[in-house]
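The values are calculated or read from the model by the stated rules, or taken from the named source; none is laboratory data. Since we're looking at a predicted model, the values are computed, not measured. Heads up, the Cβs are rebuilt from the backbone with ideal geometry, glycines too, and the neighbour counts pull from every protein chain shown. When the accessible area is computed, the model is the full protein with side chains, heavy atoms only, and any ligands, DNA or RNA have been set aside. Shrake-Rupley method; radii C 1.70, N 1.55, O 1.52, S 1.80 Å.
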Amino acid sequence: MKHYAGVDIGGTNMVIGIVDETGKTRKMVKIATQVQRGGEDVVARLAEAIERVKQEAQVEIEGVGIGVPGFVDHVKGTSVFAANLGWRDFPLADLLSARIGGLPVFVNNDVRMYVYGEATGGAGRGFNHVLGITVGTGMAAAMFNEGRLYYGSGGRAGELGHIALEGIDYVCNCGLTGCLETVASATGIARQAREAVERGESTVLAEKFPGEKAANITAADVSRAYDAGDPAAIAVLNRTGTLLGRGLATAITLFSPDLIVVGGGAAQAGERLLKPMREEMERAALSFYWKDLHIKPAELLEDAGVVGSALYAKGRLEAGVIL
Ligand SMILES: [Zn+2]
């Protein structure tokens, strides 16, 4: 049995795991990223952590896959721009490889790693054309097509959260106004609920989170209020699902996937979100695109980034080409 290390780097934590060739996690560790200590320091602690989990799992590894937020050059293995890590043209693969005895290191965007994992070892097994979306703190997408990821020019394909839609007027972190992710994300769901409270709507959320406490509402609170039949919470998740469906109507018409995998924290809203999403997709796209389309929740859940990155390393080593 062959083994690989999978790494998921975020602004706060990095998760490092040893994954076998079937996608099963053997050992996992989470350490603070501590971006303020600089990239070289992050790489040094990453190398130590890989060595540690390898020893705990008592296996040798064939290579390492790393998912990084933002824009990456997956051919060179560099982080081109990661806002929350402060990295620009950072040669992550080369630096790490040099610290772990020259083992091959593959770097890709974190959402692509998650979609690769779901497509090859999760909900997407058996499907050739998989569109994966994450609805978490933000919203993003990636496309897996006949064994390979789709990159587009400059590797920028997939930022579905940053299309401006009519009916949204929030300013996004990216600088545009009206981006889908300002609504279709955990942050967006919480914000809409908070605004309903501030407008003085009659909602159980106003009783639980009066006045300034409204800032503490989470997407999970909105789901709970929805289940209690709260009209404001129902309106928020309906609107969110509808706008998500509108964005996806464009995506399925362009890519014609046979499966959409929905992951990320806010995806735990499940049918509360997926029902209005499906309805809007069916209203806004031709039936050819959705009549045989499957929609499934992600299977790999919290270790999706680690498993996806490890399976990606396996895929690259076995195929011998860029996937
Ligand atoms: Zn945006």
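State which residue is farthest from the chain's Cα centre (by Cα) when the search covers only segment 194-222 and only residues that are closer than 30 Å to Glu282 by Cβ and either surrounded by fewer than 13 Cβ atoms within 10 Å (Cβ to Cβ) or of a type in the set (Asp, Glu) (or both). Ranking the candidates gives Glu201 first.
Matching residues to (1) closer than 21 Å to Glu318 by Cβ; (2) free of Cβ contacts under 8 Å to residues at least 24 places away in the same chain; (3) in contact with a Leu (Cβ under 6 Å, 6 or more places away or on another chain); (4) part of a helix (DSSP H, G or I):
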| position | (1), (2), (3), (4) |
| --- | --- |
| Ile61 | yes, no, no, no |
| Ile66 | yes, no, no, no |
| Phe81 | no, yes, no, no |
| Leu85 | no, no, no, no |
| Asp89 | no, yes, no, no |
| Leu95 | no, no, no, yes |
| Ala98 | no, yes, no, yes |
| Gly102 | yes, yes, no, no |
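Restricting attention to segment 2-19, which residues are open to solvent by 40 Å² or more (accessible area, probe 1.4 Å) and at pLDDT 95 or above? Step through it out loud before you land on a result.
Residues of segment 2-19 open to solvent by 40 Å² or more (accessible area, probe 1.4 Å): 2, 8, 12-13.
Once the filter is applied, which keeps residues that are open to solvent by 40 Å² or more (accessible area, probe 1.4 Å) and at pLDDT 95 or above, segment 2-19 yields Lys2, Asp8.
Picking from residues in segment 223-280 that are of a type in the set (Lys, Arg) and farther than 30 Å from Gly126 by Cα, the one that is nearest to the chain's Cα centre (by Cα) is Arg239.
Please find, within segment 155-172, the residue that is farthest from the ligand (Cβ to nearest atom) out of those that are free of Cβ contacts under 8 Å to residues at least 12 places away in the same chain and open to solvent by 60 Å² or more (accessible area, probe 1.4 Å). The selected residue is Asp169. Selection within segment 111-154: residues that are surrounded by fewer than 24 Cβ atoms within 10 Å (Cβ to Cβ) and assigned to a helix (DSSP H, G or I). The member of this set that is nearest to the ligand (Cβ to nearest atom) is Gly154.
Out of Val183, Val236, which single residue is open to solvent by less than 40 Å² (accessible area, probe 1.4 Å), out of contact with any strand residue (DSSP E or B) (no Cβ under 8 Å at 6 or more places or on another chain), within 16 Å of the ligand (Cβ to nearest atom) and within 28 Å of Ile133 (Cα to Cα)?
On the way: Val236 fails: within 16 Å of the ligand (Cβ to nearest atom).
Sole residue among the options that is open to solvent by less than 40 Å² (accessible area, probe 1.4 Å), out of contact with any strand residue (DSSP E or B) (no Cβ under 8 Å at 6 or more places or on another chain), within 16 Å of the ligand (Cβ to nearest atom) and within 28 Å of Ile133 (Cα to Cα): Val183.
Collect the residues in segment 22-69 that are among the basic types (Lys, Arg) and more than 23 Å from Gly102 (Cβ to Cβ), keeping them in residue-number order. Within segment 22-69, Lys24, Lys30, Arg37 meet the criteria. Restricting attention to segment 20-41 and to residues that are touching a residue at least 40 places away in the same chain (Cβ under 8 Å) and β-branched (Val, Ile, Thr), the residue that is most open to solvent (accessible area, probe 1.4 Å) turns out to be Thr22.
Step by step: first the residues of segment 133-147, then only those that are of a type in the set (Gly, Ala, Ser) and touching a Leu at 6+ places or on another chain (Cβ under 9 Å), then the one that is farthest from Ala251 (Cα to Cα). Which residue is that?
Gly147
If a residue counts only when it is among the β-branched types (Val, Ile, Thr), which helices (runs of 4 or more DSSP H) contained entirely in segment 231-323 have at least 3 such residues?
The helices (runs of 4 or more DSSP H) meeting that bar are 231-255.
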